[in-house]
Amino acid sequence: MIPGNYEYFIAIVQCGSLTKAAEKLFVSQPSLSQYLKRLEHNLGVELFDHGSSPLRLTFTGERYYRHVLQLQRMEKELLKEFQDIKSEVSGRLRLGIALWRGACLLPDVFPYFHQKYPDIELELFEGRSNQLEAALLNDNIDLAVMNLPHNLNYGKLTCESILEEPILLAAPTNHPAIQELLRHCAYQGAYPVAPLEILNKLPLILTKPGQNLTHEIQYFLGRNHLEPHILMDTGNLTTAINLTARNIACTFVPAEGAKICSHPGMVTYFIMDDPSLHWPLAAVYKKDSYLPRMMQLFISALHEVLGKQKEEFE
């Protein structure tokens, strides 16, 4: 049996000192020190190397820490089950989402979801895909909505596909090459289709190295033996689209991202003549964990709202 207040022990481990842990927990340092002494006495082992700064776990302490984290996770999942048993459609859903993705997706999905389930509160965590993945694995968020990177930890995460999202080419409408293309191009759904050769006729703005979109585009360019002139790179899709609107370059944007700033008459969004240029948008959560009803309801809302937009891509 593990003694109570294991949150105290976790805080000491994460902070690396009794003083910092006491500040985090809003308790006095002497009382936290007494707690640790009692804990080690009751367990009959030393959990920390008390001569180190910051405090380091002993081998026994590392084993205990892993066990405590597992116990904490099991308790949280049990509480989620209890809430569902009581049939209460309420609570707080900790949602992870990319900054630009939130700007275009949440205005569509959240009003619909909030109207149906007004007692479910969303707590947003915004970051890049690697940050969302880490937050899921560390139990800092419950659910992430993200495009799936190739290096995602699929062994520990479950991915429920919402839609296959095209990656569009945002091009300056008034550029002569784009004007010529628009006069005779075919359409796929709501979007005109651009041939690969268009990338040889105007420069390209890429997202920053390390971003998932950058990886997808570089793979696409290499597969098609394309070497466009790269004008610059930016970590902000809005910056890339706004520069495109100034008639100096083109950029690649996920279809949902095209909603951030459409620039009617200044930017035209094309589907490239390459059916492989798309990536799955998915709801991602920790594998082998209890899926609370409010998470199921939010995922259903994603399917219902975004499912209607599939027609634009077909």
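Bear in mind that the values in this text are calculations on the coordinates, not laboratory data. Everything quoted here is computed from the prediction, not taken from an experiment. We place every Cβ from the backbone using ideal geometry, glycine too, and count neighbours over all the protein chains shown.
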Return one number: the angle in degrees, 0 to 90 and rounded to the nearest 10, between the long axis of the Cα atoms of helix 6-15 and the longest principal axis of the Cα atoms of the chain. 60 degrees
What whole-number distance in Å separates the alpha-carbon centres of the range 198-271 and the range 22-53? 54 Å
Which trypsin sites (Lys or Arg not before Pro) from the range 86-131 combine a DSSP loop assignment with at most 13 other Cβ atoms within 10 Å? K86
The percentage of Cα-Cα pairs in the chain separated by more than 25 Å is 60 percent
Quote the relative contact order of the chain in percent (integer), defining contacts as alpha-carbon pairs under 8 Å separated by 6+ residues. 22 percent
With Cα atoms, 0 to 90° folded angle of helix 212-223 axis to the chain main axis: 40 degrees
Over 23 Å between Cα atoms: which of K37/K286; K156/K208; K76/K286 fall into that group? K37/K286; K156/K208
Equivalent-ellipsoid semi-axes (√(5λ), Cα gyration tensor) for the range 190-314, whole Å, largest first? 30, 17, 15
Rg/Rh for the range 147-209 to two decimals, with Rh computed the Kirkwood way over all alpha-carbon pairs. 1.11
In this structure, among K24/K80; K80/K287; K80/K116, pairs with alpha-carbon gaps over 23 Å are K24/K80
Mind telling me which of P203, P254, P275 comes out most flexible in a GNM of the chain, alpha-carbon contacts under 10 Å? P275
Principal axes first, then extents: for the Cα atoms of the range 6-83, list largest minus smallest coordinate on each axis, whole Å, largest first. 43, 28, 21
Tell me, what is a quarter of the convex hull surface for the C-alpha atoms of the range 1-137, in nm² with one decimal? 11.1 nm²
Could you tell me which of G210, L182, I198 has its Cα farthest along the dipole of the range 153-212 towards the positive end, charges placed at Cβ (Lys, Arg +1; Asp, Glu -1), taken about the Cα centre? G210
Longest DSSP-loop-exposure-free segment, chymotrypsin sites (Phe, Trp or Tyr not before Pro), the chain, at most 12 other Cβ within 10 Å: 155-314
Estimated dipole of the chain in Debye, rounded to 20 [Cβ of Lys and Arg +1, of Asp and Glu -1, Cα centre]: 660 debye
In debye, nearest 20: dipole of the range 6-83 around its Cα centre with unit charges on the Cβ of K, R (+) and D, E (-)? 60 debye
Would you please name the trypsin sites (Lys or Arg not before Pro) within the range 208-307 that are DSSP coil residues with at most 16 other C-beta atoms within 10 Å of their C-beta? R246, K287
Which semi-axis lengths, in whole Å and largest first, follow from the square roots of five times the eigenvalues of the Cα gyration tensor of the range 183-252? 20, 16, 12
